[in-house]
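The values are calculated or read from the model by the stated rules, or taken from the named source; none is laboratory data. Bear in mind that the values here come from a model prediction, so they are computed numbers and not experimental data. Cβ placement follows ideal geometry from the backbone for every residue including glycine, while neighbour counts extend to all protein chains displayed. The accessibility values were calculated without ligands, DNA or RNA, using every heavy atom of the protein model including side chains. Shrake-Rupley method; radii C 1.70, N 1.55, O 1.52, S 1.80 Å.
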Amino acid sequence: MKKKVTKFLEFVVVIFSLAIGVLAARKFPFESMLRGKEEPVTLAMTEDGLQEDFVGLPAADDIPRIEDAESWEDTWQTSCVTVEPVEIISTGVGARHPWVDAYTRTRRGGQRYRPDVSDMAFDVLDEYGEYFLLQLPDKSYILAQISTDDARALKAGKKVVLPIGKKTGVYQQALKDMDELCQKYDVNTDGVFYCINDKWNEEHEFLVQVLRIGSVFLIALVLGSILITIVDKVMKQKDEKEE
């Protein structure tokens with residue numbers, strides 16, 4: 001009986017350690033670490049290339065900043081702009097990243113469709129980009145999709161000038177899921193400020209996933225070993241007292 005209890009506790013420890021590993025790995029700034037320091041892009045540089053070449057790159061001081069609802073409404077979908085948010089609010093709703101395949105293979109050799117929109121609580125592998133509410137200096141709110149590293153910095157209260165972004169569309173299903181929150185904060189849902197570097201993420205997707213999965217198992221192994229040692233020690237002391 002005591003052996004069964006010990007085995008059960010060890011099983012719980014393993015599951016707990018894996019859960020902690022997943023949560024911890026999602027907080028690691030892999031993208032920032034791999035990208036390092038990048039040169040800010042000036043307005044003149046954006047005039048000599050395609051918009052997609054600059055989205056997600058650091059914005060120089062002369063890149064237009066969206067500071068109020070009016071300037072956001074006047075922003076063209078072809079413009080390169082940036083935002084320095086006053087506040088950030090999570091919606092818990094995300095859209096599948098452009099570099100993530102729409103279909104995934106099943107164990108039986110078939111294919112399973114990844115939905116365009118998902119609850120972020122189920123996004124273990126970082127396949128979705130969460131929609132956030134960003135408060136502008138005039139206290140109005142807009143929808144945005146930004147990197148997890150930038151979102152983490154903003155939530156920590158840091159002053160962040162977001163990378164170059166563009167005004168893009170939003171899934172109707174996402175708007176439906178966020179309707180109550182958007183109404184509460186009177187959010188301007190006329191487009192989304194999107195500043196994620198799709199090109200970089202597509203090129204480094206495999207490496208980031210390997211690092212993330214590796215860190216999950218490393219954290220789980222270290223934490224699990226420590227906790228299992230503690231469990232075995234406690235159970236051994238209990239046996240000695242009973243004898």
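Of note:
- Residue list for segment 1-46, restricted to those being over 22 Å from the mean Cα position of the chain (by Cα), of a type in the set (A, V, I, L, M) and within 30 Å of residue 150 (Cβ to Cβ): 41, 43, 44, 45
- Qualifying positions in segment 191-205 - open to solvent by 60 Å² or more (accessible area, probe 1.4 Å) and over 16 Å from the mean Cα position of the chain (by Cα): 199, 203
- Residue list for segment 110-150, restricted to those being among the charged types (D, E, K, R), part of a strand (DSSP E or B) and closer than 19 Å to residue 192 by Cβ: 119, 130
- Cβ-Cβ contacts under 7 Å between residues 6 or more apart (or on different chains), taken from a first residue in segment 103-115 that is in contact (Cβ under 8 Å) with a residue 12 or more places away in the chain to a second residue that is part of a loop (DSSP other than H, G, I, E, B) and surrounded by 10 or more Cβ atoms within 10 Å (Cβ to Cβ), are listed as 114/100; 114/102; 114/127.
- Residues located in segment 151-203, provided they are within 15 Å of residue 86 (Cα to Cα), touching a residue at least 12 places away in the same chain (Cβ under 8 Å) and assigned to a helix (DSSP H, G or I): 151, 152, 154, 155
- Hits in segment 1-59 - residues which are basic (Lys, Arg) and more than 23 Å from residue 84 (Cβ to Cβ): 2, 3, 4, 7, 26, 27
- When 166, 159, 176 are checked against the criterion of being within 15 Å of residue 94 (Cβ to Cβ), of a type in the set (D, E, K, R) and over 17 Å from the mean Cα position of the chain (by Cα), 176 stands alone in meeting it.
- Test: residue in segment 142-151 that is of a type outside the set (Phe, Trp, Tyr), more than 30 Å from residue 38 (Cβ to Cβ) and open to solvent by 50 Å² or more (accessible area, probe 1.4 Å): no
- The listed residues are 231, 208, and the only one of them that is more than 30 Å from residue 72 (Cβ to Cβ), open to solvent by less than 50 Å² (accessible area, probe 1.4 Å) and more than 18 Å from the chain's Cα centre (by Cα) turns out to be 231.
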